[in-house]
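Working notes, structure below.
Where a number appears in this text, it was derived from the coordinates with a stated rule and is not lab data. Computed from a predicted model, the values in this text were never measured in an experiment. Don't worry about glycine lacking a Cβ; one is built from the backbone with ideal geometry, like all the others, and counts go over all protein chains shown.
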Amino acid sequence: MSTITSFIGVLFDGLAYGSLLFLISIGLSVTMGLMNFINLAHGAFAMLGGYATVMVMSRLGVPFLPALVVAFMVSGAAGALLERILYRRLYRAAHLDQVLFTIGLTFMSIAAATYFFGPGQQPVVLPASLTGQVHAFGLDFGTYRLFLIAMVVLVTIALVYLVERTRFGAQVRASVDNQQASVGLGINVERVFSVTFALGSALAGLGGALGINVLGLDPTFPLKYMVYFLLVVAVGGAGTIRGPMIAALLLGVFDVSGKYYVPQIGAFVIYAAMVAMLLLFPAGLAGRRT
Amino acid sequence: MTRLPTPAWSKAEIAFWLIPIAAFFLFPHYLTLGSQILIAGLFALSLDLILGYARIISLGHAAFFGLGAYTAGLLAKHGYGEPLSGLVLAAIIAAAAGWLTSFLIVRGQDLTRLMVTLGIGLMLYETANQASSITGGIDGLSGVEMKKLLGLFGFGLDGRTAYLYSLAVLFVVFNAARVLVRSPFGLSLKGIREGERRMPAIGASVRRKLVAVYTVGAGIAGVAGALLAQTTQFVGIDVFGFQRSAELMIMLVLGGTGYLYGALIGAAAFMILQDYLANLNPVYWQLWLGFLLVLLVLFARGGLMGGLVTLRSRLGKP
């Protein structure tokens, strides 16, 4: 394989990986942007979606695509429930309390996943139509990665429509920009936040389900990828769609090409890039809040 | 508001320090756990300075613990096994790393600080993992051989030297920290904690103070790491792990931040609980740990020390 084709292959894999990171992290971006809440347990919702998919597929024989819908709904419901009974109490708490609280939730989710599903990796059987390769322009593309990118593009279009064109989206944007003024205008900020939290969790669940094949799925998932999700939001800037998207795609491409071209350095590149980015852009690439 | 404490040792403090001495005679079979508690207490003390007094959220404090541990471990492995000077060198290396990274820390706010500290910790973990020819990688650094302490006391299997050595170091460092937080420098740290924006108005350089306290905290963490390496004569790669940073935070919050004693009480409570629960089942331990954190945040933000202080002020005002 020539250098160019292998480079395009790595780029493609990186984009698929990055779009997955974007899908999972977008909910986190909204949570941080809207309520200034540091949620380290966000990955747990993605993990829940993954396990929900595996379970309904293996136990109930549900096909892959409907199982994705189940993952979306289960994680969304879990997000709505936890927001109502736990997260809501801590919106005004200090960041330290939020960090400790969500680390606690992360540990509990890891222990619970180990208890119910065992410590090993979970397999997922993809339908035949999503496996194999697609030939185009003299290159081979993994069908599943193409599907993944297409899914994320569709979800992003729907999200942009929701945020930019609907009444609810306008309420979300207003609440991110200025909560007090939004309350003054009669926007029910609390409800806006409940709904966006649930939606963000649901999207994370969908991402976790789609990512079983790419990211893997085992009980340490929330901790293993915590840095990546945080990184997407911190670098991309909280409270937007565009910022985290750029950050996630960059991160995906950097991580995959780093592991492909300089495997001996491993994840070092990503952490170094993260520290550098945070110092250069303290408010993120496209933060709404300055 | 917290009352300004008197500089003299109170009876309660003296009684507190008699506990580890009594434990030495009462529980001769638990001295290994005892040393672990003392080391964890020292480590938690270092975080209390930067988190409890300066309110810097760090998710990567294990970075300095690990640097200290590897410094002491590598020195001893390559023939320089004198404990005390190894401890000092470890402190210097860790403090230097703390000083260098502090400039990255003081720039940001909570989220940035959290990410940068996390990133530095992970970078060091990766480095130690990749440089396995030096550090032993994932298998850990073995072959650490310590000389006798002061040329007199060998680190035997009974753990007596390790315990008393750890206790002595903890006491000396604690004293220094106790003086530090009651100095004008310590008071200005409290000022930064309570109102960072107002401090420049009274002529204090927030930035310089944060750099200083971060450096000191890193140095003390390095001493704790070096103690662990010297007393166990082994360095595992988990000294850099995220789990260690997270557990450290739990110890400190369990004990109560901003009292110094909270760090020690929290470390003791945490380690004893861990010793008991993790023996039952390691998976459940993580569940309990998470549960403990959630409960602490929701219902007991002051930790054990906060509870004691509240209790005392209630008893004092009948």
Query raised in the report: Could you give the longest part of chain B that holds none of the trypsin sites (Lys or Arg not before Pro) found in DSSP loops with at most 12 neighbouring Cβ atoms within 10 Å?
Result: B:4-196
Report task. Taking a cut-off of 17 Å between Cα atoms, list the aspartates and glutamates near B:Lys147, but don't count ones fewer than 8 places away on the same chain. Result -> B:Glu82, B:Asp158
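What is the Rg over Rh value, at two decimals, for the range A:23-219, using alpha-carbon atoms and the Kirkwood definition of Rh? Working shown, then result.
Details: Rg = 18.2 Å, Rh = 17.9 Å.
On the Cα set of the range A:23-219, Rg over Rh gives 1.02.
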Query raised in the report: Which Rg and Dmax, in Å, describe the Cα atoms of the range B:128-221?
Result: 20.1, 56
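Taking N as the number of residues in the range B:11-241, what is its alpha-carbon radius of gyration divided by 2.2 N^0.38 Å?
Details: Rg = 18.2 Å, N = 231, 2.2 N^0.38 = 17.4 Å.
Scaled against compact globular proteins, the figure is 1.05.
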**Report entry** Cα convex hull volume per residue for the protein assembly as shown (Å³)
**Finding:** 176 Å³
Report task. Identify which of A:Val253, A:Val235, A:Val125 has the largest mean-square fluctuation in a Gaussian network model of chain A, with springs joining Cα atoms closer than 10 Å. Result -> A:Val125
Query raised in the report: lysines within cross-link reach of B:Lys209: Cα-Cα under 25 Å, excluding same-chain residues under 8 positions apart?
Result: B:Lys190
Query raised in the report: Quick one: Debye curve from the C-alpha atoms of the range B:1-102, no solvent, what's log10 I(q)/I(0) at q = 0.09, 0.16, 0.24 Å⁻¹?
Result: -0.34, -0.98, -1.21
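Filter the GluC sites (Glu not before Pro) in the range B:132-230 to those in DSSP coil with at most 15 other Cβ atoms within 10 Å of their Cβ, and list the result. Walk me through the intermediate numbers first.
Numbers: sites: B:Glu145, B:Glu194, B:Glu196; in loops: B:Glu145, B:Glu196.
Qualifying residues, ordered by number: B:Glu145, B:Glu196.
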Requested in this report: Mind jotting down the distance between the C-alpha centroids of the range B:218-286 and the range B:13-58, whole Å?
Outcome: 10 Å
Report summary line: Unit-weight point scatterers at every alpha-carbon of the range A:188-255, Debye formula, q = 0.29 1/Å: log10 I(q)/I(0) is -1.32
Query - Qualifying lysines (Cα of each under 29 Å from Cα of A:Lys224; at least 8 residues distant if same chain) - result: A:Lys259
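Ratio to report: Rg/Rh of the range A:109-232, with Cα atoms as the point set and Rh obtained by the Kirkwood method; give two decimals. Show your work: numbers first, answer last.
Working: Rg = 19.1 Å, Rh = 17.6 Å.
That ratio equals 1.08.
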